[in-house]
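Report on one structure; see the data block that follows.
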Amino acid sequence: MKAPTFSGVQVPKSKECPFLGGVALGRVSLDGRRKPLETIPIPRYLGLDVGNRRIGVAVSDELGLTAQPVLTLERRRSVREDLRSLARLARRFGVVGIVVGNPVHLSGDLSPQAAKTQAFAAALGELSGLPITLWDERLTSREAHQILYEAGHARQEHRKVVDQVAAVLILESFLEAGDGERQGIGNRE
């Protein structure tokens, strides 16, 4: 098999890296031996849109750039069952924290639903052992409905996925804020 060429230059193959012509990816120690690069894991987060009947769940990608919908959890009679299901999802995706949408009024005052959500978030943090960040979710459900409408989904079908889309919007807002705004805050209201 002929060695690959890059910009007209033939690069010999090797066992270490057949396509890079023997250039091993890594670093060289003082004694001249190659060592693999230490990869810095990018933290993943779970995003939640908590409602009375359903919980929308999203997770950040491996690069920490985007959020993808995971599922809509239909609430059960037992809050403990909901908490356990979410803790299992957090373990499954290997997340380092959970971002929970905080449903405050447009004025910034706490709504009755915000008090319920904050109690739920505190219980989830206690059960999962993960840090919980309450994140402003004003108008995310409305924006989620608009996105689904523009994508051609009938209004009657929105119920199945609107909570997932809202969770994605909450998590993407958190991710876009960057480390500077997120560090040590715990809440964004």
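Tabulated results
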quantity	calculated
Of all residues in the range 155-176 being free of Cβ contacts under 8 Å to residues at least 24 places away in the same chain and touching a helix residue (DSSP H, G or I) at 6+ places or on another chain (Cβ under 9 Å), the one that is farthest from Gly56 (Cα to Cα)	Arg155
One residue from Val11, Val57, Val23 being at pLDDT 70 or above and either within 25 Å of Val104 (Cα to Cα) or surrounded by 10 or more Cβ atoms within 10 Å (Cβ to Cβ) (or both)	Val57
The range 55-91: number of residues that are within 21 Å of Pro103 (Cβ to Cβ), charged (D, E, K, R) and touching a residue at least 24 places away in the same chain (Cβ under 8 Å)	2
Qualifying residue in the range 94-104 (condition: over 18 Å from Val57 (Cβ atoms), in the same structural domain as Leu171 (by TED's automatic domain parsing) and over 23 Å from the mean Cα position of the chain (by Cα))	no
Selection count where residues are under 19 Å from Phe120 (Cβ atoms) and surrounded by fewer than 20 Cβ atoms within 10 Å (Cβ to Cβ), scope the range 134-177	2
So Val57, is it in the same structural domain as Lys116 (by TED's automatic domain parsing) and touching a strand residue (DSSP E or B) at 6+ places or on another chain (Cβ under 8 Å)	yes
Selection status of Ala151, of a type in the set (A, V, I, L, M, F, W, C), at pLDDT below 80 and assigned by TED's automatic domain parsing to the domain that holds Arg54	yes
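The values are calculated or read from the model by the stated rules, or taken from the named source; none is laboratory data. Since the structure is predicted, the reported quantities are computational estimates derived from the model, not experimental observations. For neighbour counting, all protein chains shown are included, and Cβ atoms are generated from backbone atoms with ideal geometry for every residue, glycine included.
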